[in-house]
Amino acid sequence: MSESAKLLDGKALAKRVLAELGGRVQACTAAGRTPCLAVVLVGDDPASKIYVRSKERKAASVGIETRDHRMPATTSTEALLERIAELNADESVHGILVQLPLPAGVDERRVLEAVDPRKDVDGFHPDNLGLLMLGVPRFVACTPQGCMRLIAASGIELSGKRALVIGRSNIVGKPVAQLLLQQNATVTIAHSRTADLEAEVRGADVVVAAVGRPELVRGEWIKPGAVVIDVGINRVDAGGDKPKLVGDVAFEAAAARAGWITPVPGGVGPMTIACLLANVVEAAEAASS
Ligand code: NDP
C-alpha cells in the first residue's frame with residue numbers, strides 16, 4: 001500500500017458502532033423490550049447460512065435476541081407469506097430479516113413487500129426505498145448505510161465532489177447513490193452498459209464499487225487521493241484449499257493511488273452487519289413510542 005492511502009477499517013468501525021448500540025440495547029431491555037430480530041432462512045444456500053450465523057453471533061454479542069426461522073427449499077411463496085404475517089403480528093419481534101437469495105420459484109418481490117415496513121430492518125420494502133428517495137429515510141438498507149459511515153470515517157466532505165457508484169442494484173447501487181446525492185455529491189451511476197468505465201473512474205473523487213466482478217476496477221484508473229469503497233465479495237481460486245475473497249477493485253494497485261480504501265474482507269462486510277443491528281435497535285426504540 002502507498003504511504004498516502006489509508007485503510008478504512010470496517011472491522012474497527014463496526015466494533016465502535018456495536019459498542020454504542022450496547023447501551024441502547026440495555027436501555028430497551030431495562031424497559032422490558034429486548035430488541036428482537038427474526039431471521040428467516042429458506043433453503044440450504046451455504047453462503048446464506050454463513051451470513052445468517054455471523055449476523056446472529058454479532059446480535060448476541062450486544063444483547064439483541066434473534067429467532068431463527070429455517071424453512072426448506074421447497075417452501076411455497078404462500079407458506080412464506082404466512083410466516084411473515086405471523087412475524088408482523090408478533091409484538092415481541094421488532095425486525096424481520098428475510099435472507100436473500102430466496103430459492104427459485106419463491107416470489108421475492110411479494111415476500112419483501114409483505115414485511116411490515118416498520119419491521120423492515122433490511123430497508124428493502126418499497127415504502128422504505130420511497131422514503132429514502134424523498135430524502136426522509138426510515139430504515140436505510142444496511143450495505144449502503146455501511147458505505148456512508150465508512151466514507152464519513154475518511155473525513156471527506158462530500159458536497160460538490162464527484163461520486164461514482166458502479167452497480168445499480170436495488171439493494172446497494174441505487175440506495176447508495178441516493179445517499180451520496182443527499183450529501184450533495186455529484187453522482188454518476190455506472191452499470192454493465194456504461195461505455196467507458198475507466199474514464200468514469202478516473203474522474204471520480206469517491207468510487208463505490210458494487211458489481212460482483214473480481215478486480216474489475218483497475219488500480220491505475222483511481223484518481224490520486226480518491227476514497228474507494230469496495231462492496232464486492234468475490235470468491236476466486238487462488239490455488240489453495242479455500243477460495244480467496246477479493247473485491248471489485250484491484251486492491252494493491254488502487255491503494256497506491258487512493259487517499260482512503262476499504263479492504264476485502266474487513267471493509268464493507270462488517271459494517272453491513274453493524275448497520276443491520278442498528279436498524280433493529282431503532283425499530284425496538286420506535287415500537288415503544
Ligand atoms: P447485482 O448483481 O444485483 O448488481 C451488479 C451490478 O453491477 C448491476 O447493476 C450490473 O449492471 C453491474 N455490472 C455488471 N457488470 C458490470 C461491468 N462490467 N461494468 C459495470 N457494471 C457492471 O449485485 P449486488 O448489488 O447485489 O452486489 C454487488 C456486489 O456486492 C457482489 O459482489 C455482492 O456479493 C456484494 N455485496 C456485498 C455486501 C457486503 O456486505 N459487503 C452486501 C451486498 C452485496 P446491470 O444492472 O446493467 O446488469
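Quick notes on this one:
- Qualifying residue in segment 31-42 (condition: among the polar types (S, T, N, Q) and surrounded by fewer than 16 Cβ atoms within 10 Å (Cβ to Cβ)): no
- Of the set (1) crowded, with 19+ Cβ neighbours inside 10 Å; (2) of a type in the set (Val, Ile, Thr); (3) closer than 16 Å to Ala283 by Cβ, all apply to Val52 but (3).
- Of the residues in segment 83-91, at least one is out of contact with any helix residue (DSSP H, G or I) (no Cβ under 9 Å at 6 or more places or on another chain), assigned to a loop (DSSP other than H, G, I, E, B) and either under 26 Å from Leu112 (Cβ atoms) or in contact (Cβ under 8 Å) with a residue 24 or more places away in the chain (or both).
- Qualifying residue in segment 24-34 (condition: in contact (Cβ under 8 Å) with a residue 60 or more places away in the chain, among the small types (Gly, Ala, Ser) and farther than 30 Å from Ser288 by Cα): no
- Complete set of residues in segment 214-250 that are closer than 28 Å to Lys15 by Cα, basic (Lys, Arg) and part of a loop (DSSP other than H, G, I, E, B): Lys242
- Residues satisfying the stated conditions in segment 251-267, i.e. surrounded by 21 or more Cβ atoms within 10 Å (Cβ to Cβ) and part of a helix (DSSP H, G or I): Phe251, Ala254, Ala255
- Residue that is farthest from the ligand (Cβ to nearest atom) [pool: residues in segment 214-237 that are farther than 20 Å from Ala5 by Cβ and open to solvent by less than 60 Å² (accessible area, probe 1.4 Å)]: Val236
- Check on Pro270, open to solvent by 10 Å² or more (accessible area, probe 1.4 Å), within 10 Å of the ligand (Cβ to nearest atom) and part of a loop (DSSP other than H, G, I, E, B): no
- Criterion: within 21 Å of Thr194 (Cβ to Cβ), open to solvent by 20 Å² or more (accessible area, probe 1.4 Å) and in contact (Cβ under 8 Å) with a residue 40 or more places away in the chain - qualifying residue of Val211, Val207: Val211
- Check on Ile171, within 14 Å of the chain's Cα centre (by Cα) and in contact (Cβ under 8 Å) with a residue 40 or more places away in the chain: yes
The values are calculated or read from the model by the stated rules, or taken from the named source; none is laboratory data. Note that the structure is predicted; figures quoted are calculated from it, not measured. Don't worry about glycine lacking a Cβ; one is built from the backbone with ideal geometry, like all the others, and counts go over all protein chains shown. These area figures cover heavy atoms from the full protein model, side chains too; ligands, DNA and RNA do not enter into them. Shrake-Rupley method; radii C 1.70, N 1.55, O 1.52, S 1.80 Å.
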